[in-house]
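For reference, the structure discussed in these notes is given below.
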Amino acid sequence: MPAISVRNLSKIYRVFRKREGLLASIRGLFHREYESIHAVDEIDFEVQRGEMVAFLGPNGAGKTTTLKLLSGLIFPTGGDATVLGHVPWKRENAYRRRFSLVMGQKNQLWWDLPAQESFRLHKEIYRIESDQFDRRIQELTELLEVEDLVGQPVRELSLGERMRMELIAALLHSPDLLLLDEPTIGLDVVSQRKVQQFLKYYQKERQITVLLTSHYMKDVEALCQRAIIINEGQIKHDGPLEEIVDRFSQHKVIEVQFAGADVPEDLERYGEVLETLPPRAKLRVPRQDVPTTLNALLDRFTIEDISVADRPLEEAMAELFTDSGKDSETRLP
Amino acid sequence: MLARARTNWVILKTCLEERFVYRADFAFATLVRFLPILTQVFLWGAIYAGATAQNASGETELNNYTYHEMIAYYLLAMLARAFSSMPGLASGIARDVRDGTVKKYLTQPIDMLGYLFWHRIAHKLVYYVIATGPFALVFFLCRNYFPRALDGPTFLALVLALMMGFLTGFLIEALIGLISFWFLEVSSLLFIYMMLNYFLSGHMIPLDWLGPIGAWVQFLPFKYLAYVPAAIVLGKPGYVLGGGLEQQLVIEATWISVLLVLNRIAFARGVRRYGAFGG
């Protein structure tokens, strides 16, 4: 039985449409216009127990809305979802004791008190046995390297330290499912890496199910094998992470090292010049033109080294989302 | 049951600790709230000095209240308000709904109303620790204004009325806060409520001064927030044991039950339409 099973899940928000200007504001007092926003539009997917899945998409794509639906924070407009055998929006305590939702932009800890006070409160709320609680606090604070900070008021911690405390609070009750919404947002590189390493280790050790949204592709590449891409409320891709670049990137990058000290002047003929560092150059070439471009380059120039690479995941995603108006199927190679 | 009691105790303890973080500010705010009591005592002194109506014993009397009774009434109404006023409760709920903090009540196995209740108890306990001294001093200085010593049963009825006043005030303000699930911003509504409450609870003037309107106001729950405890101590008609007080307390308990049910309904419906906007 999958940990998460979603069928035709939809969430439509009815939002007030405010036109520009004072006159429109006054008119709005008497006649309000509303529009329906399809934040999530009949999506289907399944996540198996112990899987770590990335949920990707631009801002407003529906990622966070999906997480909110799966955590029972909001009610759907239509469709079904079963998470760990429960319907999330029924908000049964039996379900709420089995998952955690961590939102990088929201603070759950008591701001003015040391994190250990929040942890103690969680111990009671989640009914954690004392010896188990002590063991878990020790384990998690060690793993996240915050043993010396648990007695310090949360407001005095840095963003990275605070996020690590949030993770501890979220994991104290050993949830079977962890929903992470932008867990590394705003963190510096060192903190980001610490959080990534911790999540990777913890998920492997405990085999918990993790659903993660992030704009940092480094997070995604470091943690997940599978990615679900959502845009405009609909799923555009669901499969291995490495397939994303193959499927959505219409270009490849040819890196050439020419014989001699320079690069030829008319390289633009072969593709978009991304970078020149004589005698090396990088060209962005449409996928279908790669063989002919390679032949042409090898025919015309003396080349010491040549390689073809996929574009970084980040760029492939940017390309996909910039062109979101078109159906993704048309981009299939 | 035991586990729930322990959870509530830890919530209370954590809230108390939080309250003590800004103890200096809290103490200052509490003490400053005593200033209006003094000005009000002087104001009533000036009003009675200008009044000409006298009762049979030759004392100045306005609407059946002598000056001493009026000062006693005012101080008792203030005591009742110390239990029933809920500063920041409705606006706090509205803020939590607006900024998404309410999420913790929806995703964690805790009851929002219960949590807020214990939070408020902590708020009140810290308030009493700071305010008991000044309150005792004011009541001691004004001891001659109080007409009679209370017998045991009446004292118990007063304690019960104060406790139920706390519950009534809590549930009314929580209900206003929950309206934010529909309107997000409730500050204007809260302002209107505070204004009406000042008048309809008997905080401003005794409800028996309101004439025919007063008879209607008696049917509302607001009188339990200030007027009823004062009327019990002053032995006003309808508020003495064996003379209607028991019925008043039963009606108050009924109001509390109704308000509790309304809170539960508002929460259940509110979270259904909650959009959790903004990340």
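The values are calculated or read from the model by the stated rules, or taken from the named source; none is laboratory data. All values reported here derive from a predicted model rather than from experimental measurement. So basically every Cβ, Gly included, is an ideal-geometry build from the backbone, and we count neighbours across all protein chains shown.
Taking the condition part of a loop (DSSP other than H, G, I, E, B), at positive phi and within 14 Å of another protein chain (Cβ to nearest Cβ), does A:Gly72 pass? Yes, satisfied. Checking each residue in the stretch A:101-145 for being touching a helix residue (DSSP H, G or I) at 6+ places or on another chain (Cβ under 6 Å), more than 8 Å from every other protein chain (Cβ to nearest Cβ) and touching a residue at least 60 places away in the same chain (Cβ under 8 Å) picks out A:Val102, A:Leu109. Taken together, the residues in the stretch B:104-145 that are assigned to a helix (DSSP H, G or I) and within 12 Å of chain A (Cβ to nearest Cβ) amount to 9.
Is it the case, given these coordinates, that B:Tyr73 is away from chain A (no Cβ under 11 Å) and either touching a His at 6+ places or on another chain (Cβ under 6 Å) or in a helix (DSSP H, G or I) (or both)? Can you show your working first?
Values: away from chain A (no Cβ under 11 Å): yes; either touching a His at 6+ places or on another chain (Cβ under 6 Å) or in a helix (DSSP H, G or I) (or both): yes.
Taking the combined requirement at face value, the residue satisfies it.
Screening B:Gly58 with (1) on the phi < 0 side of the Ramachandran plot; (2) without any contact (Cβ under 8 Å) to a residue 12 or more places away in the chain gives one miss only, at (1).
Of all the listed residues (B:Met78, B:Met86), the sole one being in a loop (DSSP other than H, G, I, E, B), among the hydrophobic types (A, V, I, L, M, F, W, C) and within 18 Å of B:Pro229 (Cβ to Cβ) is B:Met86.
In the stretch B:170-183 there is at least one residue that is in contact (Cβ under 8 Å) with a residue 40 or more places away in the chain, within 14 Å of another protein chain (Cβ to nearest Cβ) and over 15 Å from the mean Cα position of the chain (by Cα).
Quick one: which residue in A:Asp219, A:Asp246 is in contact with a helix residue (DSSP H, G or I) (Cβ under 8 Å, 6 or more places away or on another chain), of a type in the set (Asp, Glu), part of a helix (DSSP H, G or I) and modelled with pLDDT under 90? Working first, answer last.
Details: A:Asp246 fails: in contact with a helix residue (DSSP H, G or I) (Cβ under 8 Å, 6 or more places away or on another chain).
Answer to the selection: A:Asp219.
Of everything listed in (1) at pLDDT 90 or above; (2) touching a Leu at 6+ places or on another chain (Cβ under 9 Å); (3) not β-branched (Val, Ile, Thr), the single unmet condition for A:Asp238 is (2).
Kindly establish whether A:Trp89 is touching a helix residue (DSSP H, G or I) at 6+ places or on another chain (Cβ under 6 Å), buried (at least 16 other Cβ atoms within 10 Å of the Cβ) and outside any strand (DSSP E or B).
So A:Trp89 fails the test.
Looking across the stretch B:207-227, the residues that are touching a Leu at 6+ places or on another chain (Cβ under 9 Å) and closer than 16 Å to B:Glu69 by Cβ come down to B:Leu207, B:Trp209, B:Ala226, B:Tyr227. Inspect the stretch A:1-9 for any residue being β-branched (Val, Ile, Thr), modelled with pLDDT of 85 or more and part of a loop (DSSP other than H, G, I, E, B) and give the result as yes or no. Scanning the stretch A:1-9 turns up no residue that is β-branched (Val, Ile, Thr), modelled with pLDDT of 85 or more and part of a loop (DSSP other than H, G, I, E, B).
Quick grid of which residues meet (1) surrounded by fewer than 23 Cβ atoms within 10 Å (Cβ to Cβ); (2) in contact with a Pro (Cβ under 8 Å, 6 or more places away or on another chain); (3) within 14 Å of chain B (Cβ to nearest Cβ); (4) touching a residue at least 40 places away in the same chain (Cβ under 8 Å):
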{"position": "A:Ser158", "(1), (2), (3), (4)": "yes, no, no, no"}
{"position": "A:Ala169", "(1), (2), (3), (4)": "yes, no, yes, yes"}
{"position": "A:Leu177", "(1), (2), (3), (4)": "yes, no, yes, yes"}
{"position": "A:Gln196", "(1), (2), (3), (4)": "yes, no, no, no"}
{"position": "A:Lys200", "(1), (2), (3), (4)": "yes, no, no, no"}
{"position": "A:Leu212", "(1), (2), (3), (4)": "no, yes, no, yes"}
{"position": "A:Gln225", "(1), (2), (3), (4)": "yes, yes, no, yes"}
{"position": "A:Ile235", "(1), (2), (3), (4)": "yes, no, no, yes"}
{"position": "A:Pro240", "(1), (2), (3), (4)": "yes, no, no, no"}
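Which number in (1) surrounded by 11 or more Cβ atoms within 10 Å (Cβ to Cβ); (2) part of a helix (DSSP H, G or I) marks the one condition that B:Ala49 misses? Among (1) surrounded by 11 or more Cβ atoms within 10 Å (Cβ to Cβ); (2) part of a helix (DSSP H, G or I), B:Ala49 violates only (1). The criterion of being β-branched (Val, Ile, Thr), assigned to a loop (DSSP other than H, G, I, E, B) and surrounded by fewer than 19 Cβ atoms within 10 Å (Cβ to Cβ) does not hold for B:Val250. Name the pairs: first residue in the stretch B:94-119 and at pLDDT 90 or above, second residue of a type in the set (Ser, Thr, Tyr), Cβ to Cβ under 6 Å, at least 6 apart or on different chains? What qualifies is B:Ala94/B:Ser180; B:Val97/B:Ser180; B:Thr107/A:Ser71; B:Met112/B:Tyr105.
Yes or no, residue by residue, for (1) surrounded by fewer than 20 Cβ atoms within 10 Å (Cβ to Cβ); (2) of a type in the set (A, V, I, L, M, F, W, C):
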| position | (1), (2) |
| --- | --- |
| A:Asp134 | yes, no |
| A:Gln152 | yes, no |
| A:Met165 | no, yes |
| A:Asp188 | yes, no |
| A:Gln192 | no, no |
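Filtering the stretch A:76-100 to residues that are facing chain B (nearest Cβ under 9 Å) and touching a residue at least 24 places away in the same chain (Cβ under 8 Å) leaves A:Arg96, A:Arg97, A:Phe99, A:Ser100.
Across the stretch A:190-210, the number of residues qualifying as closer than 23 Å to A:Glu46 by Cβ, in a helix (DSSP H, G or I) and out of contact with any strand residue (DSSP E or B) (no Cβ under 8 Å at 6 or more places or on another chain) comes to 4. Filtered by the rule that a residue be surrounded by fewer than 18 Cβ atoms within 10 Å (Cβ to Cβ), among the charged types (D, E, K, R) and within 12 Å of another protein chain (Cβ to nearest Cβ), the stretch B:89-103 gives a lone residue, B:Asp99.
When you scan the stretch B:7-54, how many residues do you find that are among the aromatic types (Phe, Trp, Tyr), within 14 Å of chain A (Cβ to nearest Cβ) and in contact (Cβ under 8 Å) with a residue 24 or more places away in the chain? Steps first, answer last, please.
Of the residues in the stretch B:7-54, the ones among the aromatic types (Phe, Trp, Tyr) are B:9, B:20, B:22, B:26, B:28, B:34, B:42, B:44, B:48.
From what is left, the residues that are within 14 Å of chain A (Cβ to nearest Cβ) are B:9, B:20, B:22, B:26.
Okay, now just the ones that are also in contact (Cβ under 8 Å) with a residue 24 or more places away in the chain, so B:20, B:26.
Count: 2.
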